[in-house]
Amino acid sequence: MVLLTKEEGEKAVKLARKAIETFLTTREVIKDRYSGVFEEKRGVFTTLTKNHMLRGCIGFPYPIKRLDEAIIESAIAAATDDPRFPPVKPEEMDEIIVEVTVLTPPEKLDVDKKELPKHIEIGRHGLMIRMGYFSGLLLPQVAVEYEFDEEEFLSQTCMKAGLPPDCWLMEDAEVYRFEGQIFQEKEPRGEVEEVKLKSCKL
């Protein structure tokens, strides 16, 4: 996957914020379209944080939409449709930091279940688990933030899917890994930086 430049990452985050603020005040979905990487189909998640606490996070794991369209839709959904939180109010956007994570396509791990932790690198990989009608996804930054090791990361992804924490060991569980390029405001409406994750391993 071709990585975004700093300028493209900044444009992505500003597009997400514009989409949210426009929708919250007018209920209209912006139609902004960009050229280059933004014309490519990419998976993407928009994450909102307020006072260092999660305020919303929704996205597209698979590259099914143009990047600009996916950013707009995921940003609005993160602000209004995350079932864990009430919808964001327009005045809250003064306190919310916007983060955009552009994903590589999920890669299914066809290995012995007990070997799965060896194929996961904390600080590099995000995880998605699918089993029957259930699915759950955690972005790479989650494992770093909470200092998960590989097995705990797998267990937490299972629980995100509404499944038992050891579901990743079950034969009919499908485990996928992916990578993400993260761009985030340093402060609400502030400068945008690319976030480089560090592994929690010593």
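The values are calculated or read from the model by the stated rules, or taken from the named source; none is laboratory data. Small disclaimer: the values here were computed from a predicted structure and weren't measured. All Cβ positions, even for glycine, are placed from backbone atoms using ideal geometry, and neighbour counts span all protein chains on display.
Among residues of region 1-17 that are under 17 Å from I97 (Cα atoms), those with a Cβ under 6 angstrom from a residue that is small (G, A, S) and assigned to a helix (DSSP H, G or I), sequence gap 6+ or separate chain, pair up as A16/A75. Within region 1-45, work out how many residues are within 20 Å of the chain's Cα centre (by Cα) and crowded, with 17+ Cβ neighbours inside 10 Å. Looking only at that region, the number is 20. When region 113-135 is limited to residues that are free of Cβ contacts under 8 Å to residues at least 40 places away in the same chain and part of a strand (DSSP E or B), the one that is farthest from the chain's Cα centre (by Cα) turns out to be F134. For region 150-173, filtering for residues that are of a type outside the set (F, W, Y) and under 19 Å from the mean Cα position of the chain (by Cα) leaves 11.
Applying a threshold of 7 Å to beta carbon distances and a minimum spacing of six or more residues, or different chains, the list of pairs starting in region 171-185 at a residue that is touching a residue at least 60 places away in the same chain (Cβ under 8 Å) and ending at one that is among the β-branched types (V, I, T) and in a loop (DSSP other than H, G, I, E, B) reads R177/I120; F178/T104; E179/T104. Taking region 134-155 as the range and being buried (at least 18 other Cβ atoms within 10 Å of the Cβ), touching a strand residue (DSSP E or B) at 6+ places or on another chain (Cβ under 8 Å) and not aliphatic (A, V, I, L, M) as the test, the residues that pass are G136, P140, Q141, F153. Evaluate the following for K186: is it assigned by TED's automatic domain parsing to the domain that holds L15 and within 23 Å of L54 (Cα to Cα)? Taking the combined requirement at face value, the residue satisfies it.
Residues in region 157-171 that are surrounded by fewer than 18 Cβ atoms within 10 Å (Cβ to Cβ) and at pLDDT 95 or above: M159, K160, G162, P164, P165, D166, L169, M170. Of all the criteria given as (1) over 15 Å from the mean Cα position of the chain (by Cα); (2) modelled with pLDDT of 95 or more, the one not satisfied by K201 is (2). For region 101-108, the criterion of being farther than 25 Å from T5 by Cβ and in a loop (DSSP other than H, G, I, E, B) is met by no residue.
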